[in-house]
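Below is one structure; the comments refer to it alone.
The values are calculated or read from the model by the stated rules, or taken from the named source; none is laboratory data. In this text, all values refer to a predicted model and were calculated from it rather than measured experimentally. Because the Cβ atoms are built from the backbone with ideal geometry, glycine has one as well, and the counts that use them run over all protein chains shown.
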Amino acid sequence: MHLVSTGVILKNITNTTPIILKSYNPTNPNSDIDTYQSCTIIAVGLPCFRIFAHQNNRLIFLENCNPMPEFVHLHNHTHYSLLDAACTPDQLIQAAKEDGQKAIALTDHGVMFGCFEFYKKAKNAGIKPILGCEVYIANGSRFDKGAGKAATKKRNYFHLVLLAKNDIGYKNLMKLTTLGHTEGFYYRPRIDTDLLEQYHEGLIALSACLAGVINAPLLAGDYETARKNAIWYKNLFGDDFYIELQNHGLEGDEIVMTQAPRLAEELDIKLIVSNDCHYIKKNMPSRIMCSSISRTQD
Ligand SMILES: [Zn+2]
Ligand SMILES: [Zn+2]
């Protein structure tokens, strides 16, 4: 049992080296390892969540190889995230299968176009499909097409990952994504907090990427708004709301990784670690990705 890395989460979907603490004993966390004494366990994994800790304001991971608990990628995009992801459901499922994972989630941007294909193919491959969506939350009412300039200067929507945990959740997700298109569409299919209040049953919410409802204010240096948002989501989703941590080597990741765990601890919200997968391997970005971020492939 030893520290394996500092501040690094998964680089890509195929790099899933086991990094779980072997036999963490919550009543005596210092019993097995010296280096443990100066770190605080901030998230102990359920079957699909890895264990990680916070030490000197940096995230660290603790290793376990035997047995390898099941790890599930809960934040994945396919080419159904239009103009914003390169891999197909087939590639995603194949990568999870090759890595020995037993389940995988689909969380395309604002749409559920891929759900049917993904569900069928994952089932055929013997992998449990988790249906979800990374929705856009209007900064204000979904009917207000100019909303949001005051809070974050330029955003009129934030990201939020929703996962269906049962049939009701799946139906609610369909309802939400439909209303996002028919009522809230403004650059993106946006829903709002009123709709979430109405249709949140059966759904798990994760706080998403740097454009998320909590991370965006954190990045803007507005801890209070991040805190207020976290309280709102926790009140609505209860234990089904998780603060999501990612490390893609982006400028804002470091800020989030130091501040979000503090927020989670203050409000007693569980943390999960995810990788915002848009393609399978690092060398695989396509023209689609380049065009969506206005870059050339070279
Ligand atoms: Zn996002
Ligand atoms: Zn995403």
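Of the listed requirements (1) touching a strand residue (DSSP E or B) at 6+ places or on another chain (Cβ under 9 Å); (2) within 15 Å of ligand 1 (Cβ to nearest atom), A164 misses just one: (2). So, in the stretch 82-111, exactly how many residues are within 16 Å of ligand 1 (Cβ to nearest atom) and either more than 23 Å from H159 (Cβ to Cβ) or at pLDDT 90 or above (or both)? The number of residues fulfilling the criteria is 7. Scan the stretch 180-236 for residues that are part of a loop (DSSP other than H, G, I, E, B), buried (at least 22 other Cβ atoms within 10 Å of the Cβ) and in contact (Cβ under 8 Å) with a residue 60 or more places away in the chain and jot them down. If the condition is that a residue be part of a loop (DSSP other than H, G, I, E, B), buried (at least 22 other Cβ atoms within 10 Å of the Cβ) and in contact (Cβ under 8 Å) with a residue 60 or more places away in the chain, then P189, A208, C209, V213 are the ones that fit. Among the residues of the stretch 205-236, those that are in contact with a strand residue (DSSP E or B) (Cβ under 7 Å, 6 or more places away or on another chain) and within 16 Å of ligand 1 (Cβ to nearest atom) comprise A205, L206, S207, A208, C209, A211, G212, V213, I214, A216, Y233.
Residues in the stretch 261-282 that are away from ligand 2 (no atom under 16 Å from the Cβ), hydrophobic (A, V, I, L, M, F, W, C) and touching a strand residue (DSSP E or B) at 6+ places or on another chain (Cβ under 8 Å): L263, A264, I269, L271. For the stretch 237-255, a residue qualifies if it is assigned to a strand (DSSP E or B), without any contact (Cβ under 8 Å) to a residue 60 or more places away in the chain and of a type outside the set (A, V, I, L, M, F, W, C), and exactly one does: Y242. Regarding G146, is this residue closer than 20 Å to A220 by Cβ and away from ligand 1 (no atom under 16 Å from the Cβ)? Taking the combined requirement at face value, the residue satisfies it. Yes or no: D253 more than 16 Å from ligand 2 (Cβ to nearest atom), touching a Leu at 6+ places or on another chain (Cβ under 8 Å), within 30 Å of L92 (Cα to Cα) and not hydrophobic (A, V, I, L, M, F, W, C)? Against the criterion (more than 16 Å from ligand 2 (Cβ to nearest atom), touching a Leu at 6+ places or on another chain (Cβ under 8 Å), within 30 Å of L92 (Cα to Cα) and not hydrophobic (A, V, I, L, M, F, W, C)), D253 does not qualify. Taking each residue of the stretch 112-139 that is closer than 14 Å to H73 by Cα and looking for partners that are assigned to a loop (DSSP other than H, G, I, E, B) and hydroxyl-bearing (S, T, Y) with beta-carbon atoms closer than 6 Å, six or more apart or interchain, yields nothing. Within the set Y279, Y242, the sole residue that is modelled with pLDDT under 85 and in the same structural domain as K97 (by TED's automatic domain parsing) turns out to be Y279.
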